[in-house]
Each structure stands twice: as structure tokens, then as C-alpha cells.
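Okay, structure first, notes after.
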Amino acid sequence: MNQVAEVERPARKVTTLGDLTVSQNEAIRKIPAEKDAVVEPFGATRPNAIFTSRDHYDLEQLKIFRRFPVPVTVSALLEPGSIVACDGYGVPLLVSRTRDGTIKAFVNACQHKGSKLLEDCAVHKQGRVTCPYHAWTYGIDGKLIGVSRSEAFQDFDKSKRGLAELEAREWGGIVYVQLNRDVPADWSQLSPQIAGDFEAIGIPAAHVYGRKTFDLKANWKVVLEPFLEGYHVQRLHAASIGDKFQDAPNIVDMFGPNIRQVSGRIGYVPEMLDEDPSTNVHKLVTHAYTAFPNCVIVTSQYYTSVMLLMPRDTDRTIVEYFMLTPEAASTPKAEEVFARSYELILSVFGGEDFRAAEISQAGLNAGVPSETIYCGLETNIVKYYEALEALL
């Protein structure tokens, strides 16, 4: 499990133990003192092909990423009356929040000749979008509201030329979209418990402090693996944050194919939980989630990291990273702390975790190892793969 260094308190809002769900509290109460944590030997393998095979990649696309809704962005990014383009999955998308607060998703393509309406991925606070090609104009609700020289079209009905809409839903502060318009959205893999957890830690109401896109030369599961295990933390992150985390297994719960991990910080003992009910619980424990199929959320003391790992090829992944804070910085000191935190997290995730994924993929592409072996600090990886394999 991964995290960045803690920093001086910059914000008023904190999450206490009492703010969390009953299930989260039960899991936290199971975390042993650091000295009592035990690593059980474990041995399981997965073949090289799950990271390199074209057939396996295509099967994942068919059975998972084009069958079930996938995460596209965070709810907090979109205020009422705004719209954003998202291209991470290779399908040009528009996601908007109408003035009444409703989330909508569309194919980012004009109904005249398919041109993209928005060509960047910035958030636009506007009530309409206009095609740069022939200036057809749409409301952010998808309706076609203006056609240049409309009198030149014979028997033209604007009501039948609205944007191609996709099923979309907000789930625990994450916007999920069904990419395949030919298949009804199946929301059954998204756990209500996980959505409740996300609400409890403040994801829906958070402030988006920072947002960055990474284009990685690695299979999406190679990028995901570090966020499912603690084996690498004191090794890969030895020069940065490794000394802040226990070298011990996490407390793990699965809700369908969704994984919740909780662990204590260095020096953690259970008695800390009851010393002060107003304490920020993230000072004591870290939550790490893998929400189906490719959403990673990791809590920190005063901010939360959200990562969407979007597969683009057998050895290419687009990662959308969001740093969420409880609120916008209200003082220069808070801004300074948030800025340092953002710089640090990008260097740890980007310069260490993502770098590790790319250098691992190089060997996997060469056929080495022929199978990957997992130890007792990596059991969550295998549990997650078993959940995915059941759907393939």
C-alpha cells in the first residue's frame, strides 16, 4: 500500500473515527500493534501473458471495460453548469453537470461529421459547446440548440440530432460511465459499502487541488499492483517515504471485486484510537481502495489521492491522478503545504511507483519472468486477480 509523507496541518476539516462507517470502524479495530503484526508465508503465481498477451488484453476489454461502467473522473471536478472532455480510454467523452446538478456523459463527437466539440481536457464553465468545424451548438445537456445555415438542410429535425448519450452515474464521488452504447450498464459490481466509505472520507464534497495525466508504458495491472501490496514500500520508497509505513500485512475486506485495505502508521498501537475522539483518523491509519475495475484511492492525513488507471494497450496505461483536499486552501500557509504535498506525491507516484511499472514491463515484454510469484505481503494482488478472472 502506498502513501506520501505527512505534513503540517493545513485545513480545518478532518475525518474522525466517528465520521466513518460501521464497517470501516470494525476494520480499523482489527489492526494489530506494529510489534504484533505477522506475515504468513504465501505462494501463488500468474503467467506472463496476463501482462503481455494481446488475447488477454482484448478479453479484458470485452468482458470488463466494455461490459461494465468504468470510472472517468471525480464528481468534485464538475460544478453545476460545467463540462469536461475525457480521452483516457480511447473513446472521446464529454462529462457535464447540468445546472440542476445532474451528471451527463456523451460521446465527444458532433452529430454532423463527428468532430470533437472540446479538444482539451480542461474543465469549461459554460452552458453550451460549439463544434469548431461547422459551428453546430449543443447544450451541456446534450441537446442540439443551434445549426449554422439550418435552412440549407432539407427536412432537418434538431431534436433527433442531440449528442450520443452514455449511461453515467456518480458513485461515492466518482463518475462512472458505460462506454459501450450497445450494452446496458451493469452496476452490480459497484458495492454500496465502498460508496458509503468514500462518502465517509469526504470524496464527493472534496476540493480538487491538483490533477495530472500520466501516459505510461506498462500494462494497467502492472501499474495497479503497488497499490495492492506493502512489500515494495520500504524498498522502492527507501529514499522518500519508506520509513513511515509498517512492513506488515494490511487488514483487508472485499466487497465483490472491490478491495479495502487499512493499516496503521509506524508505531501504531490500538489504544491510540480512543485517546481523543476529535483526532484526525488519517493520522493513525491509512485506507487504500481498489474500486472495480481500475480506481485507486489512498488516504493521507490532509488529502486523498484518486487514480484512474485506464488501459490503452497491452503495455500502455493512461493514469488520471487527482489530489483531493477537504477544502480549498484558505491561508498562504495552507497553500504552501498543499503545494509541497502535491509536488511530493507526484514525485513518489510518478518517479517511483510509475517508473517501477515501466521498468517491470520492459522485462515482462521480453518474456521474463515466465510467471510472477507473489509473497505474503502481496496476497491482495492475487485476491483481486481472482475476482477479475471470475468475470473473464
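Some points to look at:
- Among residues of segment 288-318, those that are out of contact with any Gly (no Cβ under 8 Å at 6 or more places or on another chain) and open to solvent by less than 10 Å² (accessible area, probe 1.4 Å), counted: 18
- One residue stands out among those in segment 358-392 that are farther than 19 Å from ALA291 by Cβ, of a type in the set (A, V, I, L, M) and at pLDDT 95 or above: the one that is least open to solvent (accessible area, probe 1.4 Å), which is LEU364.
- Filtered residue count, segment 217-254, keeping only those that are part of a helix (DSSP H, G or I) and either more than 15 Å from the chain's Cα centre (by Cα) or among the aliphatic types (A, V, I, L, M) (or both): 11
- With respect to the conditions (1) surrounded by fewer than 23 Cβ atoms within 10 Å (Cβ to Cβ); (2) touching a residue at least 60 places away in the same chain (Cβ under 8 Å); (3) aliphatic (A, V, I, L, M), MET272 falls short on a single one, namely (2).
- Just one of the numbered conditions (1) open to solvent by less than 10 Å² (accessible area, probe 1.4 Å); (2) at pLDDT below 95; (3) more than 18 Å from the chain's Cα centre (by Cα) is not true of ALA329: (1).
- Test for MET310: is it under 12 Å from the mean Cα position of the chain (by Cα), assigned to a strand (DSSP E or B), of a type outside the set (S, T, N, Q) and farther than 17 Å from GLY173 by Cβ: yes
- Condition check for VAL285: open to solvent by less than 40 Å² (accessible area, probe 1.4 Å) and either at pLDDT 95 or above or hydroxyl-bearing (Ser, Thr, Tyr) (or both): no
- Hey, SER305 under 16 Å from ARG211 (Cα atoms), among the hydroxyl-bearing types (Ser, Thr, Tyr) and in a helix (DSSP H, G or I) or not: no
- Where strands (runs of 3 or more DSSP E) fall wholly inside segment 73-146, the ranges with 2 or more residues that are open to solvent by 10 Å² or more (accessible area, probe 1.4 Å), touching a Ser or Thr at 6+ places or on another chain (Cβ under 9 Å) and farther than 15 Å from ALA168 by Cβ are 128-130, 144-146.
- Test: residue in segment 38-60 that is at pLDDT 95 or above, among the aromatic types (Phe, Trp, Tyr) and either open to solvent by 30 Å² or more (accessible area, probe 1.4 Å) or in a loop (DSSP other than H, G, I, E, B) (or both): no
- Contacts under 8 angstrom Cβ, first residue in segment 225-247 being under 17 Å from VAL285 (Cα atoms), partner in a helix (DSSP H, G or I) and among the aromatic types (Phe, Trp, Tyr), 6 or more apart: LEU228/TYR384
- Subset of segment 173-216 (residues that are over 25 Å from PHE106 (Cα atoms) and either part of a loop (DSSP other than H, G, I, E, B) or modelled with pLDDT under 95 (or both)): ILE201, GLY202
The values are calculated or read from the model by the stated rules, or taken from the named source; none is laboratory data. Because the structure is predicted, anything quoted here is derived from the model rather than measured. Glycine gets a Cβ as well: all are built from the backbone with ideal geometry, and neighbour counts include every protein chain shown. The accessibility values were calculated without ligands, DNA or RNA, using every heavy atom of the protein model including side chains. Shrake-Rupley method; radii C 1.70, N 1.55, O 1.52, S 1.80 Å.
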